[in-house]
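Written out below as structure tokens is the structure these notes cover.
The values are calculated or read from the model by the stated rules, or taken from the named source; none is laboratory data. Only a predicted model underlies this, so the values are computations on that prediction, with no experimental measurement involved. So basically every Cβ, Gly included, is an ideal-geometry build from the backbone, and we count neighbours across all protein chains shown. We work out accessible area using only protein heavy atoms, side chains counted, and drop any ligands, DNA or RNA first. Shrake-Rupley method; radii C 1.70, N 1.55, O 1.52, S 1.80 Å.
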Amino acid sequence: MEPAQPADRKPADTTPPDGQPPVRPVAEPAPPAGEPALVEPTAPATGGEPAPRAGAGEPAQVEPVPGAARAGASIDPGLSGDYPAPPARLDKQRSERSPKDMALSLLVLLVPIALLLAFYRGVLGGDQPSTVDPTPAVEQARAANAFPVSQPNGLGSDWRTVSAHYQAQDGGSTLRIGYLTPEGRGVQLVQSNLPADRLLPAELSGGQPQGPADLAGESWQRYTARGNEQALVLLEPSRTVIVVGDARERELRQLAGALR
């Protein structure tokens, strides 16, 4: 009797019993398409642990070699991954600009601006206020014959008329003429037949009388006005005359005394 064989041992003799067809050995199943065959790692020749096996379908990991140490490696920075430091020449040139160069650059910009400003002021009269002719407004007020109309007479050419307007409204009408004094301040001449108790609060913003101001033989009254303005007021039976503005009292008196 033969000794018992292990269960996983294949019989060496594949000859079938009498009367049976020969039996071919069954081949190992082939690995699926696209997957690598599994190979058992072999131990190194000189002992030690076997090398780790890469996962199925993953490439083996390769340690990168520095560009300078690779045999035959290109020295092109775009290929090796090494980038040169940016040039500092431009920053150096900027830092070397002296205050003199900056002053010259600023002067080049300021000269055209100064020339344009001088042309605007000297030739075009840019700083001079636009003047108007008060004659149409004065003639309109005289044609309405609502009150006696006066005009300044004998003022110098340095008094400039900047506005003139006649307005008729309920209860009366008003003529306003604006002037620019020689000192560059504004004064307005107001003539109206509106009731004084209605006209003065509107024109002087609640100004209060400050006493008489004898001028050209007529009884003018000094009044406060809005803000830093002051006024001279002449009350007549048929009209009220107001000279008001931020000019000095001397210029207010000069305008009031020139009325004819």
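Here the condition is being in contact with a strand residue (DSSP E or B) (Cβ under 7 Å, 6 or more places away or on another chain), of a type in the set (A, V, I, L, M, F, W, C), more than 15 Å from residue 256 (Cα to Cα) and surrounded by 12 or more Cβ atoms within 10 Å (Cβ to Cβ); of 204, 189, 180, it holds for 204 alone.
Taken over the stretch 208-246, the criterion of being out of contact with any helix residue (DSSP H, G or I) (no Cβ under 8 Å at 6 or more places or on another chain), of a type in the set (Gly, Ala, Ser) and not in a strand (DSSP E or B) is satisfied by 217, 227, 238. State the number of residues belonging to the stretch 176-196 that are of a type outside the set (Ser, Thr, Tyr) and over 20 Å from residue 249 (Cα atoms). Matching residues across the stretch 176-196 total 4. Scanning the stretch 149-185 for residues being within 20 Å of residue 234 (Cβ to Cβ) and small (Gly, Ala, Ser) gives a total of 7.
Yes/no per residue for (1) at positive phi; (2) open to solvent by 60 Å² or more (accessible area, probe 1.4 Å):
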position: 219; (1), (2): no, yes
position: 222; (1), (2): no, yes
position: 227; (1), (2): yes, yes
position: 232; (1), (2): no, no
position: 235; (1), (2): no, yes
position: 239; (1), (2): no, no
position: 242; (1), (2): no, no
position: 246; (1), (2): no, no
position: 260; (1), (2): no, yes
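Taking residue 250 as the residue in question, decide whether it is in contact with a helix residue (DSSP H, G or I) (Cβ under 8 Å, 6 or more places away or on another chain) and surrounded by fewer than 21 Cβ atoms within 10 Å (Cβ to Cβ). When the stated conditions are applied, residue 250 does not pass them. In the stretch 155-188, the residue that is nearest to residue 229 (Cα to Cα) out of those that are more than 41 Å from the chain's Cα centre (by Cα), of a type in the set (D, E, K, R) and outside any strand (DSSP E or B) is 158.
Scanning the stretch 125-159 for residues being open to solvent by 40 Å² or more (accessible area, probe 1.4 Å), out of contact with any Phe, Trp or Tyr (no Cβ under 7 Å at 6 or more places or on another chain), farther than 16 Å from residue 240 by Cα and of a type outside the set (Ser, Thr, Tyr) gives a total of 13.
Yes or no: the stretch 120-137 includes at least one residue that is at pLDDT 85 or above, among the aliphatic types (A, V, I, L, M) and in a helix (DSSP H, G or I). Yes; the residues of the stretch 120-137 include at least one that is at pLDDT 85 or above, among the aliphatic types (A, V, I, L, M) and in a helix (DSSP H, G or I). Taking the criterion of being farther than 24 Å from residue 172 by Cα, small (Gly, Ala, Ser) and free of Cβ contacts under 8 Å to residues at least 12 places away in the same chain, the residues of the stretch 183-225 that qualify are 184, 211, 217. Residues in the stretch 140-175 that are in contact (Cβ under 8 Å) with a residue 60 or more places away in the chain and more than 17 Å from residue 252 (Cβ to Cβ): 2 in all.
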